[in-house]
1. Does the range 49-64 contain any residue that is part of a strand (DSSP E or B), more than 20 Å from Trp30 (Cα to Cα) and within 13 Å of the chain's Cα centre (by Cα)?
2. Taking the range 54-66 as the region of interest, how many residues are of a type in the set (A, V, I, L, M, F, W, C), surrounded by fewer than 16 Cβ atoms within 10 Å (Cβ to Cβ) and touching a residue at least 24 places away in the same chain (Cβ under 8 Å)?
3. Does Leu96 qualify as being in contact with a strand residue (DSSP E or B) (Cβ under 6 Å, 6 or more places away or on another chain) and either under 23 Å from Gln13 (Cα atoms) or at pLDDT below 95 (or both)?
4. Would it be correct to say that Ser27 is surrounded by fewer than 17 Cβ atoms within 10 Å (Cβ to Cβ), within 12 Å of the chain's Cα centre (by Cα) and farther than 23 Å from Ser11 by Cβ?
Amino acid sequence: MPKGTFDETGSKQVMKKDIHSYSKNPSQIWKDISIAPYKENGKITGFRIGRIKANSKMATLGLKVGDILIRANNIELTSFNDAIKLYKDIDKIDTLALVVLRNNQEKEIIYEIH
């Protein structure tokens, strides 16, 4: 199955080697994507995607500029600590369920990591 495609269950297939390459070189993440806190009433309620580098591994994930990441594996992303914890644990998970707010509607994207 080509990289960045959805399988018959609607999940996106992600290679563990791609995850490992980011975990070994975290600065590459910020070259490929930019995010900023999204606040409502002064509190962080997610992280807005500001840029995704074309032809990067991040560009194959189905995320779009303007999406707001609000949950990952049922954990609300309401602080930088939440995002950092997710990043630190990424090598240990086989499935990642991201919920993004896109055009004022929640959209769940499932990633099968193998």
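The values are calculated or read from the model by the stated rules, or taken from the named source; none is laboratory data. Just so we're clear, the structure is a prediction, and the values are computed from it rather than from any experiment. Glycine gets a Cβ as well: all are built from the backbone with ideal geometry, and neighbour counts include every protein chain shown.
1. Step one: filter the range 49-64 for residues part of a strand (DSSP E or B), giving 49-52.
Those still in the list that are more than 20 Å from Trp30 (Cα to Cα) too: none.
Taking every residue of the range 49-64 in turn, none turns out to be part of a strand (DSSP E or B), more than 20 Å from Trp30 (Cα to Cα) and within 13 Å of the chain's Cα centre (by Cα).
2. The number of residues fulfilling the criteria is 1.
3. Details: in contact with a strand residue (DSSP E or B) (Cβ under 6 Å, 6 or more places away or on another chain): yes; either under 23 Å from Gln13 (Cα atoms) or at pLDDT below 95 (or both): yes.
Yes; evaluated as a whole, the condition is true for this residue.
4. Spelling it out, it is not the case that Ser27 is surrounded by fewer than 17 Cβ atoms within 10 Å (Cβ to Cβ), within 12 Å of the chain's Cα centre (by Cα) and farther than 23 Å from Ser11 by Cβ.
One line per residue, one yes/no per condition, for (1) among the aliphatic types (A, V, I, L, M); (2) surrounded by fewer than 14 Cβ atoms within 10 Å (Cβ to Cβ); (3) farther than 15 Å from Phe47 by Cβ:
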| position | (1), (2), (3) |
| --- | --- |
| Ile68 | yes, no, no |
| Ala72 | yes, no, no |
| Phe80 | no, yes, no |
| Lys85 | no, no, no |
| Asp91 | no, yes, yes |
| Val99 | yes, no, no |
| Asn103 | no, yes, yes |
| Ile109 | yes, no, no |
| His114 | no, yes, yes |
